[in-house]
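The values are calculated or read from the model by the stated rules, or taken from the named source; none is laboratory data. Keep in mind that what you see is a predicted model, and the values were worked out from it rather than measured. Every residue, glycine as well, gets a Cβ built from its backbone with ideal geometry; the counts of neighbours run over all protein chains shown.
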Amino acid sequence: MTMSRENRTKERLVVVGGDAAGMSAASQARRLKGPDALEIIAFERGHFSSYSACGIPYWVGGEVDDRDKLIARSPEEHRERGIDLRMRTEVTELDVDGGRVRSRDLDSGAEEWTSYDKLVVATGARPVRPSLPGIDAPGVHGVQTLDDGQALIDTLSRTEGRRAVVIGAGYIGVEMAEALINRGYEVTVVNRGKEPMATLDPDMGRLVHEAMEGMGITMVNDAEVTKILTGDDGRVRAVATEDGEYAADVVVLGIGVRPETTLAGAAGLPLGDHKGLLTDLAMRVRGHENIWAGGDCVEVLDLVSGSERHIALGTHANKHGQVIGSNVGGGYATFPGVVGTAVSKVCDLEIARTGLREKDAHRAGLRFEAVTIESTNSAGYYPKADLMTVKMLAELRTGRLLGVQIVGREGAAKRVDIAAVALTAGMTVEQMTALDLGYAPPFSPVWDPILVAARKAVTAVRKTAQ
Ligand SMILES: Cc1cc2nc3c(=O)[nH]c(=O)nc-3n(C[C@H](O)[C@H](O)[C@H](O)COP(=O)(O)OP(=O)(O)OC[C@H]3O[C@@H](n4cnc5c(N)ncnc54)[C@H](O)[C@@H]3O)c2cc1C
């Protein structure tokens, strides 16, 4: 049994979840407060700490040759830095009134209570896994953790057939389609939406769809998977939808994630509409002085629409952890919110978005104009010039930038960062037209595609205002 709160001489921080948010918080708190002032105990139920799930598609696809390259800091390294990280140990209950957590060692089965002065909940997200017939058949894989990635790689090395079906066409689905193409598979992507990449408007998703078909990927949109079919050996053999069957030697699930807040909800901590934990700007759980939460298990404020959203991204999780660690360690930091920036790619096609899509803007009650332009990623005469499409939304009357989506080849995606900065600064599209962006023929036309879109948006907003 762990020592009770009263018998301890120094403050104790307990962290639940040993990846991006949890270990960033623990590490930052340790930087600010030494082991004599703060004891830090972290619980992680998996086999790995502080790893990049973001790198899994590139490891599976073979660009990253070694799993360990995805691990930023091992449990031993955390321990050397004065964090008592307990691996393969699952927290099974949060006793908020008693200021303690119950944990179970997953190898020995031993259970114990550990008291805390401060608690960080960083339990991440869990992948959606619909209860379809055959979903647990050998050959069906998720890609949420390094263990999942290893299991998939093992299956790919053992399987002779070369047909893969990816279920879901969000960013993980399209990145996994690329990984499987790189491993020589014939890839079919089965997608519930009308177009891939539902984080884009459908007209921009259509461009991704066409490009993926151009890469030899079979796209099946508007399709609901009804079951996973298995052969006589019990292994997956096809994915069935209402309209057809798609032969598969391996199936990868990329259907999205939900906040992992089962424990937090059971403990009575406040959850929002998306079932993520609700925090204040210092990442403190609302109404709980000594509990913080961050990463994929929380909802974040969308600075453009003013509403709470659940966005599972490592870039946010690391920042949340940093903010939490600063506050827990006696400093002061806040996380103001997000503008919804995300980038991804499928083979040589880059995809980016920030701010609101048309449907988000409608939902927020905003009136706006949307414009789309085609330009190139370098001067038109430059040898590697390739098409790039930029869609921009601007508010009527004010001309405030509301969102940008980009689909194009090399150099397209990271241009979205210009728009992310403009959104954060609350710029109008007219102000954007005067931005002093860099230009030389290898990098952009003399008018950067973002500036071309901003100019078109200015004209559209002015016309509507008359
Ligand atoms: C394939 C893939 C690609 C991605 N690509 C990108 C990308 O390109 N860019 C980007 O920004 N993001 C990307 N992400 C998302 C990013 O990986 C996550 O947003 C990030 O890992 C979230 O960090 P977290 O610490 O909040 O949660 P997690 O990384 O999920 O960590 C939570 C940890 O808590 C542990 N845990 C949960 N409950 C308990 C419990 N009760 N007891 C003990 N331990 C517990 C879990 O085992 C887990 O290790 C990708 C994710 C995947 C799966």
Could you please give the count of residues in region 113-153 that are free of Cβ contacts under 8 Å to residues at least 24 places away in the same chain and closer than 13 Å to G46 by Cα? 0
From V251, V236, which residue is in contact (Cβ under 8 Å) with a residue 12 or more places away in the chain, away from the ligand (no atom under 16 Å from the Cβ) and crowded, with 16+ Cβ neighbours inside 10 Å? V236
Exception for T241 within (1) in contact with a strand residue (DSSP E or B) (Cβ under 6 Å, 6 or more places away or on another chain); (2) assigned by TED's automatic domain parsing to the domain that holds V96 falls at (2)
Residue satisfying all of: in region 69-113; of a type in the set (K, R) and more than 29 Å from Y58 (Cβ to Cβ); surrounded by the fewest Cβ atoms within 10 Å (Cβ to Cβ) among these: R102
K10 being modelled with pLDDT of 95 or more and more than 12 Å from the ligand (Cβ to nearest atom): no
Going through (1) more than 23 Å from the chain's Cα centre (by Cα); (2) more than 16 Å from the ligand (Cβ to nearest atom) one by one, D66 fails only at (1)
For region 310-338, which residues satisfy the criterion of being part of a loop (DSSP other than H, G, I, E, B) and either over 23 Å from R126 (Cα atoms) or aromatic (F, W, Y) (or both)? G329, G330, G331, Y332, A333, T334, F335, P336
Would you point out the residue of region 436-451, among those that are surrounded by fewer than 20 Cβ atoms within 10 Å (Cβ to Cβ) and hydrophobic (A, V, I, L, M, F, W, C), that is nearest to T372 (Cα to Cα)? W447
What are the pairs with Cβ atoms under 6 angstrom where one residue, in region 302-320, is within 7 Å of the ligand (Cβ to nearest atom) and the other, located anywhere, is in a strand (DSSP E or B) and at pLDDT 95 or above? Sequence gap at least six, or different chains. A312/A125; A312/V257
Does at least one position in region 53-68 carry a residue that is in a helix (DSSP H, G or I), loosely packed, with under 15 Cβ neighbours inside 10 Å and at pLDDT 95 or above? yes
Name the residues in region 263-281 that are free of Cβ contacts under 8 Å to residues at least 40 places away in the same chain and either polar (S, T, N, Q) or more than 14 Å from the ligand (Cβ to nearest atom) (or both), would you? P270, L271, G272, D273, H274, K275, L278, T279, D280
Result of the Cβ filter at 6 Å on region 154-165, keeping first residues that are more than 9 Å from D249 (Cα to Cα) and partners that are hydrophobic (A, V, I, L, M, F, W, C) and surrounded by 11 or more Cβ atoms within 10 Å (Cβ to Cβ), at least 6 apart or interchain, is T155/V250
